[in-house]
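What follows is a set of notes on a single structure, which appears directly below.
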């Protein structure tokens, strides 16, 4: 960059030096004025070229959606440990429903998979979700093509089952728990439906060591030695991943099944997504089972 002081120094020399310096200053000044436009043009061209270069053939239409399903945060027994004194007493991390809609481009078939930050999903919750989503999209979604999975956290409120045995520790049915789950799951499916676009599915498996442990190694050791000798570890170290991409090979989502998600003891009382889900805080919306780029 030519500074004002440099130009002043040049004026001590010949007239030609002075003229060259002022011309250089003028060129630099004009370039500084148009530089933002030049950069904008270059960025736009890069985006267009990238989109054209990355376009691929697709076999599916895919969509993802996330919605909050955090239930009552006070005085409700947590589902999982069946310990009467473990009641919700605040929120450490909010809980979510992550939905995927995958449709075949050639045939009019589709499937919905939902991963929910809950201990499990009751028949009652699914029935309420189907009722809500069917009202939004008649004839598209039903009991046969909607799969809802709980991640098995023990750090969320209970009381959303239709069976007495499973609602005993929560001292009965809790309408707020049911409503939070059913409403949030249905809305995550709705968001996934509205975000559908051409895409592909990619499946892979590999060994992942050091990410999980056997919850009952002493019990496992009681298995016949011949059986234990068939395996290198006392755990399953194979992880399978389904990756979802769009028509430009951009990440849309990921579904993986590997680790039991409970990492906290039965004395904690804050609604929480388990430690294995803390990835959600660093990688957008990652979780132990699913990642949605929404």
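Once segment 197-220 is narrowed to residues that are in a loop (DSSP other than H, G, I, E, B) and either under 17 Å from residue 247 (Cα atoms) or under 22 Å from the mean Cα position of the chain (by Cα) (or both), the residue that is modelled with the highest pLDDT is 208. Within segment 171-181, being more than 10 Å from residue 72 (Cα to Cα) and crowded, with 22+ Cβ neighbours inside 10 Å holds for one residue alone: 181.
Cβ separations smaller than 7 Å between residues 6+ apart or across chains give no pair from segment 96-124 residues that are under 18 Å from residue 245 (Cβ atoms) to residues that are assigned to a helix (DSSP H, G or I) and at pLDDT below 90. Scan segment 212-224 and report the pairs whose first residue is in the same structural domain as residue 239 (by TED's automatic domain parsing) and more than 10 Å from residue 234 (Cα to Cα) and whose second residue is modelled with pLDDT under 85 and assigned to a loop (DSSP other than H, G, I, E, B), with Cβ atoms within less than 6 Å and a gap of 6+ or a chain change. Hits for this filter: 212/259. Taking each residue of segment 157-185 that is farther than 25 Å from residue 98 by Cα and outside the structural domain of residue 129 (by TED's automatic domain parsing) and looking for partners that are modelled with pLDDT of 85 or more and in a helix (DSSP H, G or I) with beta-carbon atoms closer than 9 Å, six or more apart or interchain, yields nothing. Out of curiosity, is residue 255 in the same structural domain as residue 119 (by TED's automatic domain parsing), buried (at least 19 other Cβ atoms within 10 Å of the Cβ) and modelled with pLDDT of 90 or more? In short, no.
The values are calculated or read from the model by the stated rules, or taken from the named source; none is laboratory data. Please read all numbers here as calculations on a predicted model, not as lab measurements. Cβ sites come from the backbone with ideal geometry, for glycine too, and all protein chains shown count toward neighbours.
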